[in-house]
Every structure is written in C-alpha cells, then in structure tokens.
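Peer 1: Sending over a structure as structure tokens; questions will come in a sec.
The values are calculated or read from the model by the stated rules, or taken from the named source; none is laboratory data. Remember, it's a predicted structure, so these values are computed and weren't measured experimentally. When we count neighbours, we look across all protein chains shown, and the Cβ atoms used for this are built from the backbone with ideal geometry, even at glycine.
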Amino acid sequence: MSDTNSRAHLLPETLQVRGAREHNLRGVDVDLPHRNLTVFTGVSGSGKSSLAFATIYAEGQRRQLQSMSTFARQFMHQMDKPDVDHIGGLCSAVAVDQRSSASRSPRSTVGTVTEVYDLLRVVYARIGHPHCTVCGTELDEDACPQGHDTLLPEMTNGAFSFNLPFGQCTACQGVGTRLEVDPTTLVADPTRSLVEGAITPWRPTFTEPERMKARAVAQLEGEDENTPWEELSEELRHKLLHGTDIKVRARKFDKPGDPVKDVVFTGVVPWLYERYRKSGGENFGQLENYMRPAPCGACGGGRLNPAQLAVRVAGRGIAEVTALPVSVSLRLFQELEVSDRERAAVGQALEEIVQRLGHLTRMGLEYLALDRPARTLSGGESQRIRLAGLLGTDMFGLLYVLDEPTTGLHPRDIEKLVATLQDLRDQGNTVLIVEHDHQMIKAADWVVELGPAAGEHGGELLYSGPVEQLLDDVNSPTGGYTSGTRGIAVPASRRPPAPDRRITVYGAKENNLAGFDVSFPLGTFIAVTGVSGAGKSTLVDDILYPAVESALGGDAPAPGAHTRIEGLHHIDRVIKVDQAPIGRSGRSTPATYTGVFDSIRKVFCQTPEAKKRRYKPGRFSFNSAGGRCETCTGDGSIKIEMQLLPDVFLHCETCNGTRYNAETLEIRYRGKNIAEVLEMPIEEALEFFAGESVIEAPLRVLDEVGLGYLRLGQSATTLSGGEAQRVKLANELQRRAGAHTLYLLDEPTTGLHSSDIDRLLSVLHSLVDKGHTVLAVSHNLDLIKTADWVVDIGPEGGDGGGALVAAGTPEQVAGQPDGHTGRFLRDVLG
Ligand code: ADP
Ligand code: ADP
Ligand code: ZN
Ligand code: ZN
C-alpha cells in the first residue's frame, strides 16, 4: 500500500456534529469532510469560533485530556463539556490561534520558537571552528597561533545555548540587550519650567519629593525654578539629569508646613535606574517609556560568551548567522559546502534547517531574522511561525483549527499561505479555518457559513458545501461579497488634501526604513499599505505615534530614528487603537473597560431595595469584597494549574459562575439582577436600559462598531484582537474628541466580515467628516479603496523594503507600474 493510501485510511470520512448549542449556536448539525480545507465564515459574532474552537476543538482537547493523567482526569467531570449532543469522527486536534501563539519571554526568539536555533547549536558544536577571542585567528590545537591567551569554548550538547549559564553572556544573562535610560525622553516639553513639571518622569504626584529636590538644586545654583527648561544653563540641566554630590535643603512636599531636610539629589537618570532595579524589571509606572533597549556592550547582542561567539562555520559565528534575514540564511545553508566527515556529523541537521527556513519563507516571513525576540512579533506573525513549525513535523491524521491566518498578510502573500495549508491537507490532515478573506474562501474545498446575523440573531447553519455553490447562492451574504456581485462601493470622490495641513516626517530611518520623507495630509482617511515586514508599523507605531504623543505632552517611548517632523501643531489629540488585549485578566470586560459598568452599578444602587439596604456602587463590583462571591473572589470560575498542560478553569459552584453572592443577586432592576445584566448582549442591553442616557450612549457606540453581539460582562480574555480593537475604538468615540484628533488604527478590519467592514468604514469616515484624521495600517482592499490617500511602503519585506513606493490617491497608487498594492488595487477600482 502506498504512503498516501495508508494515510487516507487514518481519518474517517466525515466529522459529524449534532446539536451544537455552545454560546449562540442553535442546535447546529453539520457533517464536515475530513482531509479537506474547510473555511468557516459568516458575519462577526455569528458563531464561527463557537463552532470551530469552542465546540469541535474543545471537545477534541477534552478527549485528549481524558486519555492522559489521572490528575487531569479527576477534574473532567467539572470541566465544561461543550454544549453539543454528539461529535463523531473526531481525531486529535491542534489549535493555532493568535492569542496563545505569542511568547512573552525575552529569551524566546524566532530561532528558538522554530527550533532552528537548536539545530544550529548542533551544527556549531559538531563542526564549528574555534577562533581566538582576542585576534580572531582560528585556533590550532586549542591555542592561538599568535600566542594570545584565549578562552576555550564548550563544544558539548549544551553549548551555544543562551539559556544555560555556561554558554550565556554574563553581562546580560543571555538576553542580548540591556535597557538604558534615553535622556531624550526625559523632557517632553522644553518650554516648561521645573515648577511646571519639565522633567516628565517626575510629573505624577507620587514623585513630588524628587521635584522639590530638583527645584532646590536650581535655587542652590542661583537659577530660577520658573525658567523654561530650554533656557536653564547647560550645567544645571546636566546636574538635573545626572545628579550632584552636594546635599540640598528641600521640603518633601509642596506644602509650607513641611519640614526642610538636607537630602541627596540623585538626578533623574540614576533615579530611573534605581526604581527599575527595585521593581525587579517590572514596567512599573511606565518606566520603560524612558528606556530603550541597547545592545549589550559585552556580547554586542550575540547573547553568548566570547568563546562561543568566536566559533565559526563557513567563516561566520552563530550570532552573525541568526542576525541575517531568513531569506539570506536559507541561501547560506543551501550553498554550504561540507566535507564527507562533516556531512556524516551534521548532514541531517543541515537538511532540517534548510527545510524549516523554507517553511518560514513560504509563510511570507523571509524578512524576519532568527534572533528577533518573539515578543516583538505581531499576532499574525506568531501564528504563521507556529504554522511553519507544524509543517516541519510531517504529522498526519490531525485536525488543525486556525483563526484568521491571513491577518497581517498582504494579498500577494495570501496565495503562498493557501498553498501551504493545502499541503497540510495533502499530508493527510483536516484543516478548519475561521476566515473572512475572499482569496481564502475561494480556495476552500468546503465552506460552512453561519448567520444570518450576530449573537442571538445568528448561530444558524446557512450553508455547508463546496465553495462553487456558495458563490452562486443569492441568499448568502458571504457568497455575494466573495463572487463580487455585492460589494463595498468605491467613493465617487476623494477628500482633497489641504496643502497647509499635513504632518511630514523627514528622514525616517528606524529598523529597515531607508531614510525617506513622507507626508500625511490631515483631515483625510489615510491607508498605510505594503507587504508584511515592509516597514508600516515601524513608520506609524515607532516614529509617528511617539512623536505626536510626546509633542502633546503625553508619555510615549522615544520615537524611532528620523531627522525631523513638521506639522505636529495641527493635532491636539492622538489616539492609538491597536489590537492588544483590553486586559489580561478575566475581570476586564467591555462594560468595565468603557466605564458603562460604573453607570450600571449606580442605577442598581438607586433601586428601592438597594437604598433600603444602603448598598453603595462597590456592592455591585466583582472586584472588591462585599458583593462578590468569596469562593472564587468574583472570577466566577476557579483556575487549576496543570503541569505541562494549559490551565483548566472550573465553574465556581458557590455562585454558579455568576461572580456575586446571594444577597447582591437579590437586587433587581427592571426585573434583572446584576449578573443577568452582565450576561446580556450589548444590543439587548441597549433596549433594556432605554431612557438611561448615560448608559445608552456608550452602548450605542459599541453597537455601531459592530459589537452589539458581545455580552456586557464577556471576559476580555475571550475577545479576539479585532474585537478588543473595536472596544477601544468605541471607548474613544464616546469621549469628547479634540478639534483635530489623529486616530491611528492597526488593521481595523481583522475579524470582520465584508458586511461589518462596510459599517466600520462608515463610522471611520464620519470621523473624518467631523474634521479628524484617520490613519489605518491595512491590507484590506475594501478599506484601501475607500481611503483618500494611500502611503505604500516596500516593495518587499525587511531589507528589500523600507522605501516609499507610492503616495497619493488610490487611483494614483494603482497607476504606478510597480508596487504590489497598486497591482491589486487596479482590480478592485475596476
Ligand atoms: P464569530 O466567531 O462568528 O465572530 P463567536 O463564535 O465568537 O462568533 O461568537 C458568537 C456569539 O457567542 C456571540 O454572541 C458572542 O458574544 C458569544 N460568545 C463568544 N464567546 C463567548 C464566551 N466565551 N462566553 C459567552 N459568550 C460568548
Ligand atoms: P510591517 O508593519 O510592514 O509588517 P514592520 O515595520 O513590522 O513591518 O517591520 C519592518 C522591518 O523591521 C522588518 O524587517 C522587521 O523584521 C523589522 N523589525 C520590526 N520590528 C523590529 C524589532 N522590534 N526589532 C528588530 N527588527 C524589527
Ligand atoms: Zn550580553
Ligand atoms: Zn463564585
């Protein structure tokens, strides 16, 4: 029997789901063919993730646990079983989503996550040539031919590991960088005086003693504490930043009665280092805003000790190789010439390295370097790295469940992703993908559409079958948008850029940016485009945002390299709405984040029974003692940490998951208790609280950005990146905006179906109509085609990118002969 045949028999014909009722699903019955690429689609909130992740994957995981340790098994009866009658034909399941993929450890790199680094270590330990750490000459019989004293590298199994003490650089413990205070961030507004809080880290009130000391230093030096910072003497400014030995007489607080003492003034730079040290490396009080990672002076960022860094293969040290983009290191290893003896020792490792680097390239990640810290990757990048790793394992007979793998990918790279997922299928696996992207939907073997709308208006199976019939189905929202019979209109005209209202960045040079000048016309809708790794986030998040924020006197990290920026005075507020979670704990919810929960708790206090019992708003909080359930301290569930397995959450049996104690739940407003209110979808709460305008207004905005289906009390940890971003956007929209606000968005269409994108775009365009500026980094052609102005960076990722390819209206960008964005825009502009 051939290999493919034996694999084909591993999985049953179909996966059968019967009576799925998790979340909003309405008893969904569906049969999915195994060894197919199946896309789950439908409007946001229709139940795609509830079916793919919360039902199919969760049940797969539960059955896996069942077959494992007895320790895990004893919790099985309490572990929530997905609400489904029956699932047949289920096999081992692997989930690749965007939240769990990211590693927060500073030690984790692209190389370690993909295990390419472990393979490199084997190669270096077995065939590396040690060199003298002093002069760099190759060692001969463990000695430097030039006679220098040199350290001998370990060439054992643990060698070249920056996680093990004997290999790592002692100065940075293998992290490769050290945070250094960046003096340019310490005075955001040099026109302020010491009294007005010129020294930014000492502006908050808890640092008042330091501010008082700084003022005393100025007096001692005979200068005026009311003089703007920029007019103080160079000498005094240096003392304020770096400290003086002399003691100063100062009061602790700015109160006349406060006793005066002789104290030492350390200066703001040493003060920041001291606080950072005391905090144990926590970013307490935004300390890291004043710091920048600088390469470790001892290892130059190579993370290893000098002896190990000096070992070379093909003339290069291991740290030099990991600093190369994957595209270059791939070529290096493909072309590496080794002797027969070396081939016997490392041939297999080299093959494996080439294969894995090839998988990264196919995932559109060729611009990444292996030494790139994993925590600096975007959600989409981490997800694709995990996918690349799965391709390398040659596993089959598995069920893969993916959450919008096209996130962060330019249309050009989606084709490669599709081909890779098809390979995974051809290896003998079943691939389930929650996805909105038209290219991906068209490439599917099978499509499942849920709907017709979100939340309780969704949860029904609209379609399950081959993709061709869906495209012709006039009743399917997805079919029409995918085939092009329905669509988002190209605006009849564009807002013309005003020549005198623009922000211009000169000499943008951070990361891979080539030092170009670029203008952003204000009062327009701007799309910043380009393939993954082109330099979009570097320009927007690392240069533009921090520059605007600090010009407005806010806390922001130091802007990335550029020569100057003009036009910042046109803006009086900047709002960055990214996809970072709105809270890492289950206690943060859309209601708490937007503040609407405060108003809801006040309304509960106004009920006659609450008044009689003298309940204060705190009574209705699940974050403080009094009204909450003390068994689970208001979590509603109890976390059990499992060795080697993800944590398991058990339902709290005292409060039955409501988070509150019985007395609190006795209070009812319009017939519902506080826990029932938190369970309500936003759109339902909007009707429920009719007439309570302070509650209605923020809820209406949440509904407008397409979140009406979320529950008020839905835990932040269950929100996708796109949902978190829209919660933040709604929160900003309900606040009073300045006259000229600059909104910065990062792929705002993530997680949205075409029909939701339509709604979101009208919200964003209405902001521009009010005079604000909206700037979105985006790959979504529907968004880009409605923009007034497009800034296209590239043409490629990494070293092949970083140039300004085009800037102009979508028509102008489409008219450019080169540039990947223009090419795709031409099709949609028609
Ligand atoms: P989709 O993936 O189609 O965007 P979801 O399956 O995430 O939709 O959500 C479907 C419905 O289930 C929505 O009303 C959503 O608010 C609700 N929901 C999703 N996750 C949870 C959860 N963990 N707890 C309660 N309700 C949830
Ligand atoms: P885009 O936003 O267009 O996907 P980025 O701005 O994230 O691109 O990346 C541009 C280039 O800069 C890439 O080569 C990327 O690997 C590199 N880069 C981005 N962030 C960092 C970082 N924190 N450290 C090192 N290199 C980075
Ligand atoms: Zn070091
Ligand atoms: Zn409880």
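Peer 1: With the condition kept exactly as written, say whether any residue in region 658-670 is crowded, with 22+ Cβ neighbours inside 10 Å and within 27 Å of the chain's Cα centre (by Cα).
Peer 2: no
Peer 1: Could you give me the residue pairs with C-beta distances under 9 Å whose first residue belongs to region 788-817 and is in a helix (DSSP H, G or I) and away from ligand 2 (no atom under 16 Å from the Cβ), whose second residue is of a type in the set (Phe, Trp, Tyr) and at pLDDT below 95 wherever it lies, and which are 6+ apart or on separate chains?
Peer 2: Within 9 Å, the pairs are ALA814/PHE824.
Peer 1: What are the residues in region 476-517 that are among the hydrophobic types (A, V, I, L, M, F, W, C), buried (at least 20 other Cβ atoms within 10 Å of the Cβ) and under 30 Å from ARG372 (Cα atoms), if any?
Peer 2: Once the filter is applied, which keeps residues that are among the hydrophobic types (A, V, I, L, M, F, W, C), buried (at least 20 other Cβ atoms within 10 Å of the Cβ) and under 30 Å from ARG372 (Cα atoms), region 476-517 yields VAL505, ALA508, LEU513.
Peer 1: How many residues does region 256-267 hold that are under 14 Å from ASP245 (Cα atoms) and either of a type in the set (Gly, Ala, Ser) or touching a residue at least 40 places away in the same chain (Cβ under 8 Å) (or both)?
Peer 2: Residues meeting the conditions: 3.
Peer 1: With the condition kept exactly as written, say whether any residue in region 658-674 is within 16 Å of ligand 1 (Cβ to nearest atom) and free of Cβ contacts under 8 Å to residues at least 24 places away in the same chain. Give the derivation first.
Peer 2: Kept after step one, since they are within 16 Å of ligand 1 (Cβ to nearest atom), are these residues of region 658-674: 658-659.
Cutting the leftovers down to free of Cβ contacts under 8 Å to residues at least 24 places away in the same chain gives us none.
Checking region 658-674: not a single residue is within 16 Å of ligand 1 (Cβ to nearest atom) and free of Cβ contacts under 8 Å to residues at least 24 places away in the same chain.
Peer 1: Sticking with this one: Just name the residue that is surrounded by the most Cβ atoms within 10 Å (Cβ to Cβ) out of those in region 396-420 that are among the aliphatic types (A, V, I, L, M) and under 18 Å from GLY379 (Cα atoms).
Peer 2: Only one residue fits best here, namely LEU402.
Peer 1: In region 111-137, which residue that is surrounded by fewer than 19 Cβ atoms within 10 Å (Cβ to Cβ) and in contact (Cβ under 8 Å) with a residue 24 or more places away in the chain is nearest to the chain's Cα centre (by Cα)? Step through it out loud before you land on a result.
Peer 2: Taking region 111-137 and keeping what is surrounded by fewer than 19 Cβ atoms within 10 Å (Cβ to Cβ), we get 115, 118, 126, 129, 134-137.
From what's left, in contact (Cβ under 8 Å) with a residue 24 or more places away in the chain: 115, 126, 129, 136.
Details: GLU115: 22, ARG126: 38, HIS129: 40, GLY136: 41 Å.
Per the stated criteria, the residue is GLU115.
Peer 1: Of all the residues that make up region 527-568, how many are more than 15 Å from ligand 2 (Cβ to nearest atom) and farther than 18 Å from GLY738 by Cβ?
Peer 2: 4
Peer 1: Given (1) more than 16 Å from ligand 4 (Cβ to nearest atom); (2) of a type outside the set (Ser, Thr, Tyr); (3) within 27 Å of LEU377 (Cα to Cα), where does GLU609 come up short, assuming only one miss?
Peer 2: Of the numbered conditions (1) more than 16 Å from ligand 4 (Cβ to nearest atom); (2) of a type outside the set (Ser, Thr, Tyr); (3) within 27 Å of LEU377 (Cα to Cα), the odd one out for GLU609 is (3).
Peer 1: What are the residues in region 489-525 that are closer than 25 Å to LEU377 by Cβ and either among the β-branched types (Val, Ile, Thr) or within 16 Å of ligand 1 (Cβ to nearest atom) (or both), if any?
Peer 2: Those that are closer than 25 Å to LEU377 by Cβ and either among the β-branched types (Val, Ile, Thr) or within 16 Å of ligand 1 (Cβ to nearest atom) (or both): VAL505, VAL518.
Peer 1: Report yes if THR184 is polar (S, T, N, Q), away from ligand 3 (no atom under 13 Å from the Cβ) and surrounded by fewer than 21 Cβ atoms within 10 Å (Cβ to Cβ), otherwise no.
Peer 2: yes
Peer 1: Also, quick follow-up: Does ASP542 satisfy being part of a helix (DSSP H, G or I), surrounded by fewer than 22 Cβ atoms within 10 Å (Cβ to Cβ) and more than 16 Å from ligand 1 (Cβ to nearest atom)?
Peer 2: Judged against the criteria, ASP542 is a match.
Peer 1: Determine if region 524-536 includes at least one residue that is of a type in the set (Lys, Arg), buried (at least 18 other Cβ atoms within 10 Å of the Cβ) and either at pLDDT 90 or above or assigned to a strand (DSSP E or B) (or both).
Peer 2: Yes, because at least one residue in region 524-536 is of a type in the set (Lys, Arg), buried (at least 18 other Cβ atoms within 10 Å of the Cβ) and either at pLDDT 90 or above or assigned to a strand (DSSP E or B) (or both).
So that you can scan it fast, the table gives a plain yes or no per residue for (1) farther than 30 Å from SER49 by Cβ; (2) not small (Gly, Ala, Ser):
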residue	(1), (2)
GLY751	no, no
HIS765	no, yes
VAL777	no, yes
PRO810	yes, yes
VAL813	yes, yes
ASP818	yes, yes
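Peer 1: Report yes if GLU704 is closer than 26 Å to GLU609 by Cα and either surrounded by fewer than 21 Cβ atoms within 10 Å (Cβ to Cβ) or aromatic (Phe, Trp, Tyr) (or both), otherwise no. Give the derivation first.
Peer 2: Numbers: closer than 26 Å to GLU609 by Cα: no; either surrounded by fewer than 21 Cβ atoms within 10 Å (Cβ to Cβ) or aromatic (Phe, Trp, Tyr) (or both): yes.
No.
Peer 1: Which condition number does ALA294 fail, the rest of (1) within 16 Å of ligand 3 (Cβ to nearest atom); (2) modelled with pLDDT under 90; (3) in contact with a Leu (Cβ under 6 Å, 6 or more places away or on another chain) being met?
Peer 2: That leaves (3) as the condition not met.
Peer 1: Which one of these is within 16 Å of ligand 2 (Cβ to nearest atom) and out of contact with any strand residue (DSSP E or B) (no Cβ under 7 Å at 6 or more places or on another chain): ASP472, ASP426, ASP413? Show your work before the answer.
Peer 2: Details: ASP472 fails: within 16 Å of ligand 2 (Cβ to nearest atom); ASP426 fails: within 16 Å of ligand 2 (Cβ to nearest atom).
Matching residue, one of ASP472, ASP426, ASP413: ASP413.
Peer 1: Tell me the residue from PRO201, PRO165 that is at pLDDT below 90 and not in a helix (DSSP H, G or I), please.
Peer 2: None of the others qualify; the one that does is PRO165.
Peer 1: Restricting attention to region 411-439, which residues are in contact (Cβ under 8 Å) with a residue 40 or more places away in the chain and in contact with a helix residue (DSSP H, G or I) (Cβ under 6 Å, 6 or more places away or on another chain)?
Peer 2: PRO411, ARG412, LYS416, THR420, GLY428, VAL431, LEU432, VAL434, HIS438
Peer 1: Separate question: Just give me the residues in region 807-830 being surrounded by fewer than 24 Cβ atoms within 10 Å (Cβ to Cβ) and within 17 Å of SER537 (Cα to Cα), in sequence order.
Peer 2: Hit for region 807-830 is ALA807, nothing else.
Peer 1: Anything in region 721-746 that is of a type in the set (S, T, N, Q), over 22 Å from ILE784 (Cβ atoms) and assigned to a helix (DSSP H, G or I)? List them, or say none.
Peer 2: Hit for region 721-746 is ASN731, nothing else.
Peer 1: Now, a different point. Can you tell me which residues in region 229-262 are part of a helix (DSSP H, G or I), modelled with pLDDT under 90 and touching a Gly at 6+ places or on another chain (Cβ under 9 Å)?
Peer 2: Hits for region 229-262: nothing passes.
Peer 1: So which of ASN289, ASN305 is in contact (Cβ under 8 Å) with a residue 60 or more places away in the chain and more than 31 Å from the chain's Cα centre (by Cα)?
Peer 2: It is ASN305.
Peer 1: Name the residues in region 496-508 that are in a loop (DSSP other than H, G, I, E, B) and either modelled with pLDDT of 95 or more or within 13 Å of VAL768 (Cβ to Cβ) (or both), would you?
Peer 2: Of everything in region 496-508, those that are in a loop (DSSP other than H, G, I, E, B) and either modelled with pLDDT of 95 or more or within 13 Å of VAL768 (Cβ to Cβ) (or both) turn out to be PRO496, PRO497, ALA498, ARG501.
Peer 1: If you don't mind, there's one more thing I want to ask. Checking the conditions here, which among LEU733, LEU729, LEU712 is in contact with a Leu (Cβ under 7 Å, 6 or more places away or on another chain) and buried (at least 20 other Cβ atoms within 10 Å of the Cβ)?
Peer 2: When all the criteria are applied, what remains is LEU712.
Peer 1: Sticking with this one: Name the residue, out of THR207, THR266, that is under 24 Å from ARG292 (Cα atoms), away from ligand 2 (no atom under 16 Å from the Cβ) and either assigned to a helix (DSSP H, G or I) or among the small types (Gly, Ala, Ser) (or both). If you could, list the steps in order and put the result at the bottom.
Peer 2: On the way: THR266 fails: either assigned to a helix (DSSP H, G or I) or among the small types (Gly, Ala, Ser) (or both).
Unique residue meeting the criteria: THR207.
Peer 1: Within region 430-450, is even one residue modelled with pLDDT under 90, assigned to a helix (DSSP H, G or I) and touching an Asp or Glu at 6+ places or on another chain (Cβ under 8 Å)?
Peer 2: The answer is no; no qualifying residue exists.
Peer 1: Tell me which of these PRO209 doesn't satisfy, since it passes every other one: (1) modelled with pLDDT under 90; (2) within 16 Å of ligand 3 (Cβ to nearest atom).
Peer 2: Unmet condition: (2).
Peer 1: Do we find a residue being under 28 Å from the mean Cα position of the chain (by Cα), closer than 27 Å to GLY176 by Cα and hydrophobic (A, V, I, L, M, F, W, C) anywhere in region 332-349?
Peer 2: No, there is no match, as no residue in region 332-349 is under 28 Å from the mean Cα position of the chain (by Cα), closer than 27 Å to GLY176 by Cα and hydrophobic (A, V, I, L, M, F, W, C).
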